[in-house]
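**Q** This is the structure, below, for whatever I ask next.
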Amino acid sequence: MLRLVVRRLLQLIPTLLGLSVLLFLWLNRLPGGPASAILGERATEAEVARINRALGLDQPVYVQYWRFIKRVCELDLGTSVQTGQPVWDEFTTRFPATVELSIVAILIAIVVGIPLGYLAARRRGGWTDVAAVSGSLIGICIPVFFLALILKSIFSIKLGMFPTYGRLDDGMDATTVTGFAVLDGLLTGEFDAAVDALHHLILPAVALASIPLAVIVRMTRASVLEVLGEDYVRTAESKGLEKKVVRGRHVLRNALLPVITAVGLLTGSLLSGAVLTESVFSFNGIGNFIRTSIDARDYPVLVGFILFIAMVYVLINLLVDLAYSIIDPRVRVH
């Protein structure tokens, strides 16, 4: 297992280096250069020259790239144009909110999607199967931001069942420990704050979970149907094994392998999907910050976000490989 982890980590180095080259080239190919992009279209030549000197853009390309790599390794992603604060500090402040939202969303997708997909496969052609397939198609087709607007309009504005914005009520005085509002409420014994934070999470998480849920349902259904036709399943049934054993040990366990891959990729995509969801619900996470950064042409933040998403995908792929080796040792890479 340790060799697998080390090998995967070493394989990540060329991936991240390639991404760094693409990001560096993108920054240097912005219309008018990074300085003009930061200062705006009405920037004078003197202002552009001053920014170029400050950012080291008057140096040779290889020197600029080396400085770029060195700063990234030191977690120095620059300073946000909007706030004037270091980009890394902005991310670490907002990161827990987005992670908390993504965790709740993927849990909803897994807890609902896998059992529903399994039932649809076991009752193929029945009303459960038809409802699951139809619902998954609707979930894939509806854009996340549109579903978020519908949920907010019905359950928040019209029915008043859920809050319309934020992570906590305005009058809620909660102690911050980790930045995860629900966890902080549990750790500090402020259970009213934990309940309130969870109440604020429900609608954004449901909206964000719609596409992952639909994908997991369809993949679980297809995978279970394929495994049910395998010889080892029929052999286990012919030996008289209990249905519970056959379904758990032989069917579901083997059917989960492709689903795990999908869950890993979908978890990474939730961070990018959070940009729209957080904007609709004014959720103070990375996604909402990225939206305002796009409007403000805050390129240091955008570069940091791209690197951040890349690291998340890389780590998730590592976790998927480890989960593969745990569930089915046959696929373990020695």
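**Q** For THR277, indicate whether it is open to solvent by less than 10 Å² (accessible area, probe 1.4 Å) and either out of contact with any Ser or Thr (no Cβ under 9 Å at 6 or more places or on another chain) or assigned to a loop (DSSP other than H, G, I, E, B) (or both). Quick ask: steps written out before the conclusion?
**A** Details: open to solvent by less than 10 Å² (accessible area, probe 1.4 Å): yes; either out of contact with any Ser or Thr (no Cβ under 9 Å at 6 or more places or on another chain) or assigned to a loop (DSSP other than H, G, I, E, B) (or both): yes.
The answer is yes for THR277.
**Q** Which condition number does ARG124 fail, the rest of (1) under 27 Å from ILE260 (Cβ atoms); (2) touching an Asp or Glu at 6+ places or on another chain (Cβ under 9 Å); (3) not in a helix (DSSP H, G or I) being met?
**A** Condition (2) is where ARG124 drops out.
**Q** Let me ask something additional. Among the residues of segment 115-134, is any modelled with pLDDT of 85 or more and under 30 Å from PHE24 (Cα atoms)?
**A** No, segment 115-134 contains no residue that is modelled with pLDDT of 85 or more and under 30 Å from PHE24 (Cα atoms).
**Q** Among the residues of segment 108-121, what is the count of those that are surrounded by fewer than 18 Cβ atoms within 10 Å (Cβ to Cβ) and either farther than 30 Å from ALA262 by Cβ or touching a residue at least 40 places away in the same chain (Cβ under 8 Å) (or both)?
**A** Selection size over segment 108-121: 1.
**Q** Kindly indicate the residue of segment 77-105 that is more than 17 Å from the chain's Cα centre (by Cα) and among the acidic types (Asp, Glu) and also surrounded by the most Cβ atoms within 10 Å (Cβ to Cβ) among those meeting that condition.
**A** Only one residue fits best here, namely GLU90.
**Q** Further, regarding this structure: Identify, please: which residue in segment 122-137 is within 16 Å of ILE216 (Cα to Cα), touching a residue at least 24 places away in the same chain (Cβ under 8 Å) and more than 25 Å from the chain's Cα centre (by Cα) and is, among those, surrounded by the most Cβ atoms within 10 Å (Cβ to Cβ)? Break it down stepwise before answering.
**A** Of all residues in segment 122-137, those within 16 Å of ILE216 (Cα to Cα) come to 122, 128-137.
Retained after the next criterion (residues that are touching a residue at least 24 places away in the same chain (Cβ under 8 Å)): 122, 129, 132-133, 135-137.
Now narrow it down to the ones that are more than 25 Å from the chain's Cα centre (by Cα): 122, 129.
Values: ARG122: 16, ASP129: 19.
Applying the filter and picking the extreme gives ASP129.
**Q** While we're on this one: Of the residues in segment 281-291, how many are in a helix (DSSP H, G or I) and surrounded by 22 or more Cβ atoms within 10 Å (Cβ to Cβ)?
**A** Just the residues of segment 281-291 that are in a helix (DSSP H, G or I), to begin with: 286-291.
Next, from what is left, pick out any that are surrounded by 22 or more Cβ atoms within 10 Å (Cβ to Cβ): 286-290.
Number of matching residues: 5.
**Q** Quick one: which residue in ARG71, ARG3, ARG8, ARG50 is at pLDDT below 75 and open to solvent by 70 Å² or more (accessible area, probe 1.4 Å)? Quick ask: steps written out before the conclusion?
**A** Details: ARG71 fails: at pLDDT below 75; ARG8 fails: open to solvent by 70 Å² or more (accessible area, probe 1.4 Å); ARG50 fails: at pLDDT below 75.
Checking each option against the conditions leaves just ARG3.
**Q** Here's another thing I want to ask about it. At negative phi and in contact with a Ser or Thr (Cβ under 8 Å, 6 or more places away or on another chain), is that true of ALA131? It would help to see each step written out before you state the result.
**A** Values: at negative phi: yes; in contact with a Ser or Thr (Cβ under 8 Å, 6 or more places away or on another chain): no.
When the stated conditions are applied, ALA131 does not pass them.
**Q** For segment 143-259, give me every one of the helices (runs of 4 or more DSSP H) that falls completely inside it and has 2 or more residues that are open to solvent by less than 40 Å² (accessible area, probe 1.4 Å) and at pLDDT below 80. Reasoning before the result, please.
**A** Values: elements: 144-151, 181-187, 191-228, 231-238.
Filter on segment 143-259 gives 231-238.
The values are calculated or read from the model by the stated rules, or taken from the named source; none is laboratory data. Remember, it's a predicted structure, so these values are computed and weren't measured experimentally. Cβ coordinates were reconstructed from backbone atoms using ideal geometry, including for glycine residues, and neighbour counts include every protein chain displayed. Surface accessibility is based on the protein's heavy atoms, side chains included, excluding ligands, DNA and RNA. Shrake-Rupley method; radii C 1.70, N 1.55, O 1.52, S 1.80 Å.
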